[in-house]
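In what follows, a single structure is set out as structure tokens and then discussed.
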Amino acid sequence: MTRQDPRVAIVMGSDSDWPTMRAAADALDEFAVAYEADVVSAHRMPDEMLAFGRNAHSRGIRVVIAGAGGAAHLPGMLAAVTPLPVIGVPVPLRHLDGLDSLLSIVQMPSGVPVATVAIGNARNAGLLAVRILAT
């Protein structure tokens, strides 16, 4: 799931989020935008998640797409530690159909912006990343 010289990082809280997040990768492929994809859990691997967020820009990443379900803290935690734009993708789970994820991602405090797409709509996250890179 890693590309040479990635410009976009697609990260998710669990391997089980990949079926949703794959649509972001597909959108990036359509525009030949290099990306990397990995699991960086805010809850199960917080030290690695913080290191990822703090170092992404120095590795040449320009946009982070972060998908998570349930409590969905990943997008907000990354936005708190990176200067890069973060696009949050609420991943639907079997309980609440992703509404909990949506509310968690969209309700960020002032000063910690996270762009948020519709529940399960990782394709729009990929397309938004392309537009950000085009500016």
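Rule-based calculations on the coordinates, nothing more; no lab input. Computed from a predicted model, the values in this text were never measured in an experiment. As a convention, Cβ positions derive from the backbone with ideal geometry for all residues, glycine included, and neighbour counts pool all protein chains shown.
Which of the following values of Cα extents along the principal axes in Å was calculated from the structure shown: (i) 36, 28, 26; (ii) 44, 34, 30; (iii) 55, 40, 26?
(i)
Anyone know which of Ala115, Ala23, Ala51 comes out most mobile in the 10 Å Cα GNM of the chain?
Comparing Ala115, Ala23, Ala51 in a Gaussian network model of the chain, the most mobile one is Ala51.
What's the exposure ranking of Val112, Val63, Val8, going from fewest to most Cβ atoms within 10 Å?
Val112, Val63, Val8
Can you compute the charge dipole magnitude of the stretch 8-134 about its Cα centre, using +1 on each Lys and Arg Cβ and -1 on each Asp and Glu Cβ, nothing else charged? Give it in debye, rounded to the nearest 20.
My answer is approximately 280 debye.
Rounded, prolate or oblate: pick one for the stretch 71-121, where a ≥ b ≥ c are the square roots of the eigenvalues of its C-alpha gyration tensor, a/c under 1.5 means rounded, and failing that, prolate if a/b is larger than b/c, else oblate.
prolate
Suppose every Lys and Arg Cβ carries +1 and every Asp and Glu Cβ carries -1, with no other charges. What dipole size does the stretch 1-80 come out with about its Cα centre, to the nearest 20 debye?
It works out to roughly 240 debye.
Placing +1 on the Cβ of each Lys and Arg and -1 on the Cβ of each Asp and Glu in the stretch 10-61, which of Ala42, Ile10, Ala25 has its Cα farthest towards the positive end of the resulting dipole?
The Cα lying farthest towards the positive end belongs to Ala42.
Sorted by packing (mean other beta-carbon atoms within 10 Å per residue), highest first, where do 34-40, 55-61, 84-90 land?
84-90, 34-40, 55-61
Given the options Asp17, Asp47, Asp97, which has the most mean-square fluctuation in a GNM of the chain, springs set between C-alpha atoms less than 10 angstrom apart?
Top of the fluctuation ranking is Asp47.
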